[in-house]
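One structure is given here, and the rest of the page talks about it.
The values are calculated or read from the model by the stated rules, or taken from the named source; none is laboratory data. It should be emphasised that the depicted structure is a prediction, and the values quoted were computed from it without experimental measurement. Using ideal geometry, Cβ is built from the backbone for each residue, glycine included, and neighbour counts are taken over all protein chains shown.
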């Protein structure tokens, strides 16, 4: 599928799961896989790192 | 069959390893995204697919903490418990609890305004380390070596003026080798440890590029970590130790949703399996 930001082709691994973050190799934008049914994949913009993120 | 649930908000290697391990062990496993889950004051455990026990693995501390409160409201066993997350997520509360339980920890100074924080710097002397009371991965942890830097950092805090910015947590600088020790404890037992070596700077966080190296769990580390785990309420923890050249090992931080993707590659123990086994043992 193509990057919603820059339209470059994104290689999403076949074993990627819903909730995982994928990045566009061209523009660097991060997306979260929001839906995956076979080859039908939907992406949403990933959350940016928050002040309370961590361990 | 017992059912285990992993709650996440960003699916990382750790959560996938936990899922794989639970499935390999033969447990029914569900993965629930906290970001798309809602509750209300009438919510019951039977309305959801949380199963018999939940591993709370959110990367956002506040999200995970409040999600845990909701799960406990529905009497669902959660690892870690709300009280443990609440303690470990706040460096000030952790420091006080460690001291109260006679666990060696760096001397730490607390103040609640810019003026008294500056007074603390001047009275105690430099260097001191300033840390946000909530936060991780070494963010905004800074060694303060002189008055000019202290004033600049405090001024910056006054500009941003978030709720946490008004609480000043200043810690003695420990004279130590350029590394610290991260120990993973599961049910008060140290199961794996690594040295985190600084990549040139002051910080030793793996998230910042520190090099991990397997650390042997000595009797001293084992005992100290057991005591620390019990002091904060147990569960699955990442305990950080420093090797003080004068006092020996000191505990400076306890992490509530420990990351382990680096350590898992070199650990003698199967870390995700230990965590899943522990979760299953905690089913009511």
Considering each of B:9, B:42 in turn, give the residue that is over 21 Å from residue A:20 (Cα atoms) and modelled with pLDDT of 95 or more.
B:42
Return the total of residues in region B:237-269 being in a helix (DSSP H, G or I) and either in the same structural domain as residue B:8 (by TED's automatic domain parsing) or surrounded by 17 or more Cβ atoms within 10 Å (Cβ to Cβ) (or both).
2
Being over 20 Å from the mean Cα position of the chain (by Cα) and over 17 Å from residue B:224 (Cβ atoms) is the filter; apply it to region B:174-200 and report the residue that is surrounded by the fewest Cβ atoms within 10 Å (Cβ to Cβ).
B:200
List the strands (runs of 3 or more DSSP E) that sit entirely inside region B:1-89 and contain at least 2 residues that are in contact (Cβ under 8 Å) with a residue 12 or more places away in the chain and away from every other protein chain (no Cβ under 14 Å).
B:3-8, B:53-56
Looking at A:47, A:51, which is the one that is over 13 Å from the mean Cα position of the chain (by Cα), within 26 Å of residue B:79 (Cα to Cα) and either without any contact (Cβ under 8 Å) to a residue 12 or more places away in the chain or in a loop (DSSP other than H, G, I, E, B) (or both)?
A:51
Of all residues in region A:26-37, how many are away from chain B (no Cβ under 14 Å) and within 25 Å of residue B:17 (Cα to Cα)?
1
Scanning for something out of contact with any strand residue (DSSP E or B) (no Cβ under 8 Å at 6 or more places or on another chain) and either surrounded by fewer than 22 Cβ atoms within 10 Å (Cβ to Cβ) or under 14 Å from residue B:280 (Cα atoms) (or both), does region B:1-9 turn up at least one residue?
no
Looking only at region A:38-49, and only at residues there that are in contact with a strand residue (DSSP E or B) (Cβ under 7 Å, 6 or more places away or on another chain) and surrounded by 14 or more Cβ atoms within 10 Å (Cβ to Cβ), the one that is nearest to the other protein chains (Cβ to nearest Cβ)
A:46
